[in-house]
1. Can you give me the span-like helices of the chain, meaning DSSP H runs with 20 Å or more of Cα extent along the axis and Kyte-Doolittle mean at or above -0.5?
2. Which value in Å does the Kirkwood hydrodynamic radius of the chain take, with 1/r averaged over all unlike C-alpha pairs and then inverted?
3. Say the cut-off is 31 Å between C-alpha atoms; which of Lys39/Lys75; Lys24/Lys216; Lys24/Lys102; Lys91/Lys180; Lys75/Lys167 go over it?
4. I'd like the accessible area for Lys69: 1.4 Å probe, protein heavy atoms, all chains in place, Å² to the nearest 10.
5. Using a 1.4 Å probe over the heavy atoms of the protein chains, calculate the carbon and sulfur portion of the accessible area of segment 132-249 as a whole percent.
6. If you take the Cα atoms of segment 105-249, find Rg, then find the Kirkwood Rh from the mean of 1/r over all pairs, what is Rg/Rh?
7. Could you work out the relative contact order of the chain, using alpha carbon pairs under 8 angstrom and six or more residues apart, expressed as a whole percent?
8. In nm, give the distance between the simple-model label positions of Tyr43 and Lys110, each being 7 Å from the Cα along the Cα-to-Cβ direction.
Amino acid sequence: MGIIYIGDRATGKTHLAMELANPKSHYVKVCHPDYEYLKALLYDDSVGGTKATDADKEVDARYLDIQVKLPTGFKQVTVDWVDTPGEIWRKTWQLDNPGKWKSFLETVRKSEGILLILPPYRELLNQGVNAEEFMTQQQWSNRFNRWVEFFRQDCPKARHIVVCINKADLFCDINQEALKLTYNPNSAQFNWHQRNSYVLQKYFSSIQTQLEQINKSISGLSVRCFITTIYNRSLLELPWIYLGAFLAK
């Protein structure tokens with residue numbers, strides 16, 4: 001199974017993947033590599049955050065062996081974590097690096113699962129957050145048109161596309177949202193359709209039409225929306241549980 005893990009610069013995708021390996025897990029456990037290894041590889045203590053992916057590379061190919069606890073038992077998921085530098089999505093980078101772009105697309109076109117990490121938009125933010133660092137909702141929606149084009153043209157084998165607005169701690173009460181959205185295989189919580197409807201209406205309404213375009217463009221495709229943060233384990237795990245439920249072999 002191939003899962004491509006993508007997003008623009010500074011969306012927090014590397015930190016999300018690193019924290020997924022934190023041993024304080026609920027239903028998703030990264031069996032290999034372990035948390036300390038990933039932290040040593042990806043985290044920079046001097047800046048208090050993860051290192052930027054090298055812009056000179058088309059991808060950083062890493063592999064995660066994940067175990068997901070589902071109602072039917074534990075499922076093993078081997079993830080080809082193809083972490084791209086944010087620059088790869090710029091047209092200038094693609095024109096300057098045609099060979100690397102072609103190589104990346106060859107990997108993408110084989111993938112059944114795609115995880116897209118987006119930043120929050122300005123109007124979504126809590127009071128006190130520096131809004132100047134983020135796009136306006138209109139800019140954010142316009143930017144998503146490029147993802148629509150990418151999914152429709154370059155992802156023919158995709159069956160499950162997961163779109164996440166990251167850094168949820170900057171725009172909502174993450175504990176309250178986790179209570180609504182949390183996954184529990186032994187209780188009657190929201191199902192996947194209900195979770196998606198709730199998140200879609202509350203956080204993704206401005207791109208709902210574009211998401212429908214993606215869904216209609218590939219036969220058998222399912223697009224699902226999530227909010228994520230490194231500061232709440234339930235929200236962090238949800239997209240991976242969903243992919244594990246539908247793509248685990």
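1. Numbers: long enough: 137-154 (25 Å, -1.75); 233-247 (21 Å, 1.01).
TM-like helix candidates: 233-247.
2. The Cα-based Kirkwood calculation yields 18.5 Å.
3. Working: Lys39/Lys75 25 Å; Lys24/Lys216 38 Å; Lys24/Lys102 38 Å; Lys91/Lys180 39 Å; Lys75/Lys167 28 Å.
Pairs exceeding the cut-off: Lys24/Lys216; Lys24/Lys102; Lys91/Lys180.
4. So the heavy atoms of Lys69 present about 80 Å² to solvent.
5. Working: 2450 of 5380 Å².
It is 46 percent, rounded to a whole number.
6. 0.96
7. Values: 423 pairs, mean separation 59.9, N = 249.
This gives 24 percent for the chain.
8. It is 3.3 nm.
The values are calculated or read from the model by the stated rules, or taken from the named source; none is laboratory data. Quantities reported herein were computed from a predicted structural model and do not represent experimental measurements. All Cβ positions, even for glycine, are placed from backbone atoms using ideal geometry, and neighbour counts span all protein chains on display. Keep in mind that these areas ignore ligands, DNA and RNA; they rest on the heavy atoms of the full protein, side chains included. Shrake-Rupley method; radii C 1.70, N 1.55, O 1.52, S 1.80 Å.
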